[in-house]
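The structure under discussion appears below in the form of structure tokens.
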Amino acid sequence: MDEAVQEAKLLRQVNALIVAHLREQNLAQAAAAVATATMTPLAAADSVPPNQLLRLVAKGLAAERGGGAASAFDSAAAGYGGLVPPLGSSAVDFSMQDVKGSSKSFPKHDAKHVSDHKNVARCAKFSPDGKYFATGSADTSIKFFEVAKIKQTMVGDSKDGTGRPVIRTFYDHMQPINDLDFHPETPILISAAKDNTIKFFDFSKTNARKAFRVIQDTHNVRSVCFHPCGDYLLAGTDHPVAHLYDINTFTCFLSANPQDSSAPINQVRYSSTGSLYVTASKDGSLRIWDGVSAECVRPIIGAHGSAEATSAIFTKDERYILSCGKDSSVKLWEVGTGRLVKQYLGAVHRQFRCQAVFNETEEFVLSVDEQNNELVVWDALTAEKVAKLPSGNTGAPRWLDHSPIEPVFVTCGNDRSVRFWKQTV
């Protein structure tokens, strides 16, 4: 009898999760139909945390893979975080309008030059657990860093210490590297390059310098992003439609609904649950896609006028997208309506694939001012410029990435250098 009671309780919980999920996806009629058919009180769905069903499914899939047959992606390294940081609501309520006079102060940061490539440093990426980051260069190399080692050299009198933050350097591309990403669960780093390839590196193996798997695409691969479940990745290329790959079979899928997209893609990024992804294109447009059907659900044509859209990322709660373009603007868009919510102005970026990123709490927006060779920081809610940091580079940085878990970030650029920034206590 107890078993039957427990099963009934579990069934009610599952029904509430389904109803809550449908409502989150703005499928109110479907949610109401399921609630009626299963006699699920809407109050039960109201108590479900955001994205709870997706979170539980992701955990279940991860546990199932962990107990099944081993694959090339199951060799988890000791010490690697392995899981995407917990999902949660954004720290900032961007729906508030005309917020003035309440800007936060951006904390002071120290910077340290940690390495040099032999040619232009073109991109950088933190791991999901924030323990590592990597940089990619026009010299075709990838440098792999451990954050803890860099921080050790910045403590007290050891700021110029002799520690080696570069764990290793990978060499396996024939042309410049455009983008990097980390697998959400296993110690795998992928790189995208102008040689039309995506390469997989296992950083748990200390002697590994070459890729252990390669995807050969048909175009220059400008951007890559793993799905949060880790089984798929998106590639943004010179082709106008993102290429979706199954990483176990390397099967490539294309959307049957390209929405008249005709320009190369500068960046592609999944939302935190993988239910959506966004592309930023050279024609200045953004497009939001369904993460399951690959249908374009909201094109934002001319998001940056006729200038290139160079970056686009979701907020943690998936309700907004932060984009950057060569029109020297950073913009915040509402996913549900495509409405422009805020603009972060006052930084000039017209030359490089400039990035705009949030800090780890989403309270600040960071980007680059190429004209003044500075990093610019805005209060994310008020859109007021609150800090300007001399980059320390010879020439403005080309790329900026912030840790997802703590107040540290990395910049790199044309002077070949990699600089690590840490909030001072």
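The values are calculated or read from the model by the stated rules, or taken from the named source; none is laboratory data. Being a predicted model, the structure only gives us computed values, none of them experimental. For neighbour counting, all protein chains shown are included, and Cβ atoms are generated from backbone atoms with ideal geometry for every residue, glycine included. When the accessible area is computed, the model is the full protein with side chains, heavy atoms only, and any ligands, DNA or RNA have been set aside. Shrake-Rupley method; radii C 1.70, N 1.55, O 1.52, S 1.80 Å.
Remarks
- Segment 211-254, subset within 21 Å of T135 (Cβ to Cβ) and of a type in the set (G, A, S), residue surrounded by the fewest Cβ atoms within 10 Å (Cβ to Cβ): A211
- Of the candidates D283, D290, the single residue that is in contact (Cβ under 8 Å) with a residue 24 or more places away in the chain, touching a Ser or Thr at 6+ places or on another chain (Cβ under 9 Å) and open to solvent by 30 Å² or more (accessible area, probe 1.4 Å) is D283.
- Positions within segment 343-380 being in a loop (DSSP other than H, G, I, E, B) and over 20 Å from the mean Cα position of the chain (by Cα), in sequence order: L345, G346, A347, V348, H349, R350, Q351, E370, Q371, N372, N373
- Of the candidates F126, F133, F144, the single residue that is among the aromatic types (F, W, Y), within 20 Å of F203 (Cα to Cα) and free of Cβ contacts under 8 Å to residues at least 60 places away in the same chain is F144.
- Of all residues in segment 293-324 being aliphatic (A, V, I, L, M) and open to solvent by 10 Å² or more (accessible area, probe 1.4 Å), the one that is nearest to the chain's Cα centre (by Cα): I313
- Pairs are defined by a Cβ separation below 8 Å, a sequence spacing of at least 6 or placement on different chains, a first member in segment 320-340 that is touching a residue at least 12 places away in the same chain (Cβ under 8 Å), and a second member that is open to solvent by 40 Å² or more (accessible area, probe 1.4 Å) and among the polar types (S, T, N, Q); the pairs so defined are K326/Q351; S329/Q343; V330/Q343; K331/Q343; L332/Q343; G336/N26.
- V348 vs. criteria out of contact with any helix residue (DSSP H, G or I) (no Cβ under 8 Å at 6 or more places or on another chain) and at pLDDT 95 or above: no
- I177 meets the conditions (1) in contact with a Leu (Cβ under 8 Å, 6 or more places away or on another chain); (2) modelled with pLDDT of 90 or more in every case but one. The failed one is (1).
- Residues that are more than 19 Å from S329 (Cβ to Cβ) and open to solvent by 20 Å² or more (accessible area, probe 1.4 Å), drawn from segment 262-272: S262, P264, Y270, S272
- Within segment 381-421, considering residues that are in a strand (DSSP E or B) and farther than 19 Å from K143 by Cα, the one least open to solvent (accessible area, probe 1.4 Å): A387
- Test: V365 is open to solvent by 10 Å² or more (accessible area, probe 1.4 Å) and within 21 Å of S103 (Cα to Cα): no
- Boolean, G336 is open to solvent by 20 Å² or more (accessible area, probe 1.4 Å), in contact with a Gly (Cβ under 9 Å, 6 or more places away or on another chain) and not acidic (D, E): no
Residue by residue, here is whether (1) modelled with pLDDT under 90; (2) open to solvent by 30 Å² or more (accessible area, probe 1.4 Å); (3) assigned to a strand (DSSP E or B); (4) in contact with a Cys (Cβ under 9 Å, 6 or more places away or on another chain) holds:
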position	(1), (2), (3), (4)
F133	no, no, yes, no
K151	no, yes, no, no
T162	yes, yes, no, no
H173	no, no, no, no
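- Sub-6 Å Cβ pairs linking a first residue in segment 201-220 that is without any contact (Cβ under 8 Å) to a residue 60 or more places away in the chain and at negative phi to a second residue that is open to solvent by 20 Å² or more (accessible area, probe 1.4 Å) and among the hydrophobic types (A, V, I, L, M, F, W, C), at least 6 apart or interchain, are F201/A211; I215/F250, ordered by first then second residue.
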